[in-house]
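Just so it is clear, none of the values below were taken in a lab; they were calculated from the coordinates. Just so it is clear, the model here is predicted, and its values are computed rather than measured. When we count neighbours, we look across all protein chains shown, and the Cβ atoms used for this are built from the backbone with ideal geometry, even at glycine.
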Amino acid sequence: MSLSASVVGAGIVMLAACLFSFACAYRLVSAGGAAQAALRRRRLLAAFGVATLVFGCRLALAEGRVSWAPYLDQWNAEISGLVAPLAHGRLGLDDLFVANNEHRVVLTRLVSLAALEANGGWDNRVEVVAMFLLQSAVVAWFCLVVWKGLGWLRGSLVASTALMPMFLVCDWENLVSGFQDQFGLMVLGTLVALSLAGGCSLGSRACLAAMALAAVMLGAMASGFVTALAMAGTGLVLTISGRRSWRSSAGFISGCAAVAALGWFTRHHSPVTPGVYASGPGDWLRAFLAYASWPFPAGAPGFLCLWLPWIAFLLRVNRRREESPLAPLVLGLGLWVLLQAAALAWARAGFAGLVGARYTEVLAWGLVANTAAAVLAVSALANPGKLRVPLYVGLAAWVVAACASEAWRSRTLYRPYLEGFRQQTLEHEQRIVAFVRTGDERAIAGVGFPHVPGTAAEIISRLSDAKVRALLSGPMRRGLVDERAGSVASSPDDGPLSSAAIHALRNGPWIASAGIALLAGAGLLPRRRPSADAPLARNP
């Protein structure tokens with residue numbers, strides 16, 4: 001396997017932009033004097049515990065359900081679009097940027113390519129485990145931000161709304177298919193960019209890092225430009241309210257708007273599919289209310305029940321009340337979710353009846369933004385007196401109701417789809433193994449190989465190509481599978497990352513237990529109150 005200089009260069013540029021942004025973000029979150037060193041260590045240990053807990057829970061949910069075989073978009077976007085050109089030595093920059101439906105999934109292809117190079121072969125199980133690590137990083141990062149900005153108790157209340165979806169299967173498509181890491185990549189990039197963008201000034205290194213990361217998000221998916229748009233909108237709100245000067249903010253807002261415009265005008269124009277795209281304003285509004293109300297019931301009442309805290313917080317900011325350091329992040333996150341819901345309502349109106357599982361990973365952050373807005377609003381009350389306890393009790397009850405709605409949807413609506421999907425992938429595995437063993441094309445073509453966008457002829461062509469098959473997962477190379485262990489079978493033919501992924505998928509509960517132990521350890525560390533000149537509730 002050999003990669004062209006252009007592909008390696010594109011990967012290095014994007015990786016450098018991400019590392020620069022993450023370094024700036026971590027520096028801001030970990031800022032503080034020596035008096036806060038013990039507190040920072042506790043937060044870091046607790047965040048690592050959260051990440052480990054999330055990783056273990058995702059592994060436990062996915063155990064026995066993750067296939068080694070390509071499925072749906074993976075045949076076209078990864079096997080035909082990435083593995084085949086690489087196998088024949090002609091993988092170029094165009095192959096990274098070629099459209100998949102409306103999307104240019106550059107980041108997903110780069111992750112897949114890196115995993116393939118490190119593992120010696122393509123394997124969906126490796127990509128799925130990598131996605132779980134990504135989701136763990138998202139939640140852990142958010143916990144660090146809110147613990148610093150709100151303290152342990154209030155921060156944990158907000159963080160619980162980001163943690164809850166990790167215990168459920170509402171996003172079951174993202175649980176079993178590594179190709180869906182585009183959503184996790186976009187969420188992580190957006191959270192870090194919004195955390196950095198609070199200063200709204202091009203003179204700030206943090207804001208430059210935020211803009212660089214927003215530009216990278218254009219390679220996540222079609223709606224990646226919404227990150228830059230949300231940053232520009234947040235800067236505009238803060239400037240109109242008088243919290244930022246036009247002189248310092250104009251360059252930042254213009255730069256973010258330019259990044260968003262670049263994403264909009266370079267997007268792939270996919271033919272409008274009847275029954276999928278919105279047929280008119282009424283259809284769009286119906287779909288928007290369905291997406292934006294998640295996890296509450298679709299419709300105007302559900303939308304208002306979810307979004308009233310954020311709307312009230314927005315009005316408060318415009319009235320020039322005292323601003324929390326978390327305000328830019330909360331404003332930007334809510335705006336980002338609303339814009340994502342608006343984009344989905346146009347391009348996926350036909351899927352709004354039951355919100356597509358893959359989209360819930362993005363939409364779930366609406367509840368997070370509104371919980372944070374409500375906590376900030378209650379915290380900002382000048383003299384709450386006896387109202388403080390009832391207000392927090394009511395807020396906690398609202399959060400519990402939202403999480404209960406999520407849990408009900410997970411168990412009643414989405415879990416049956418997860419189990420049905422596994423039956424489909426098991427059939428795929430059996431037919432692929434039969435074809436590899438015997439070369440009998442009827443194993444695939446004779447039944448119209450179900451639920452795959454490509455034709456049976458295309459799949460047969462790829463599996464018949466010796467060079468391509470040499471870069472695929474073990475069962476697809478050797479035509480063998482352990483019938484007792486199913487998709488978690490391991491053999492010497494598996495690459496090192498495949499073996500690691502198989503073992504990780506078997507040990508999710510133990511990893512989750514380690515996360516709980518780390519959280520307990522963080523709670524047992526000596527507590528030291530910050531000094532008066534180094535307040536805890538400060539966040540970039």
Dipole of the chain, positive direction: furthest Cα of Cys143, Leu116, Phe183, with charges on the beta-carbon: Cys143
Stick to Cα atoms and the Kirkwood definition of Rh, then tell me Rg/Rh for region 259-414. 1.03
Can you compute the charge dipole magnitude of the chain about its Cα centre, using +1 on each Lys and Arg Cβ and -1 on each Asp and Glu Cβ, nothing else charged? Give it in debye, rounded to the nearest 20. 2260 debye
Hull surface divided by four, with the convex hull built on the Cα atoms of the chain: how many nm²? 25.3 nm²
Could you pull out every residue, at least 5 positions away or on a different chain, whose amide H is within less than 5 Å of the one on Asn100? Hs are placed 1.01 Å off N in the peptide plane, and Pro or chain starts have none. Val105
Output the 0 to 90 degree angle, nearest 10, between the alpha-carbon long axis of helix 106-119 and the longest principal axis computed from the alpha carbons of the chain. 60 degrees
What net charge do the residues around Arg267 carry, taking every other residue with its C-beta under 12 Å from that of Arg267, with Lys and Arg at +1 and Asp and Glu at -1? 0
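According to the square roots a ≥ b ≥ c of the eigenvalues of the Cα gyration tensor, what is the shape class of region 241-288, taking rounded for a/c under 1.5, prolate for a/b larger than b/c otherwise, and oblate for the remainder? Walk me through the numbers before you get to the answer.
Numbers: a/c = 6.70, a/b = 1.98, b/c = 3.39.
Judged from the Cα gyration tensor, region 241-288 comes out oblate (a/c at least 1.5, b/c at or above a/b).
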Cα gyration tensor shape for region 112-165, rounded if a/c is under 1.5, else prolate or oblate: prolate
Going by alpha carbons, how many degrees (0 to 90, nearest 10) lie between the helix axis of 37-62 and the longest principal axis of the chain? 40 degrees
Tell me, what HN-Hα J-couplings in whole Hz come from the Karplus equation 6.51 cos²θ - 1.76 cosθ + 1.60 at θ = phi - 60° for each residue of region 254-269, using x for Gly and Pro? 5, x, 5, 4, 5, 5, 5, 5, 4, x, 5, 7, 9, 5, 7, 8
Sort the following peptides by mean Cβ neighbour count (other Cβ atoms within 10 Å, averaged over residues), highest first: 241-252, 364-375. 364-375, 241-252
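Within a Cβ distance under 9 Å of Ala349, other residues only, what is the Lys/Arg minus Asp/Glu net charge?
Once positives and negatives cancel, what remains is +1.
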Does region 91-227 classify as rounded, prolate or oblate by the C-alpha gyration tensor (a ≥ b ≥ c root eigenvalues; a/c under 1.5 gives rounded; else a/b over b/c gives prolate, otherwise oblate)? oblate
Formal net charge of residues neighbouring Pro416 (Cβ-Cβ distance under 14 Å; K, R +1; D, E -1): +3
What translational D, rounded to a whole number of µm²/s, comes out for region 67-119 from Stokes-Einstein when the hydrodynamic radius is the Kirkwood one over Cα pairs, at 4 °C and 1.567 mPa s? 115 µm²/s
Note: Leu387 to Ala401 extended length (0.36 nm per residue) minus current alpha-carbon separation gives 2.9 nm
Length-normalised contact order of the chain in % [C-alpha pairs under 8 Å, at least 6 apart]: 28 percent
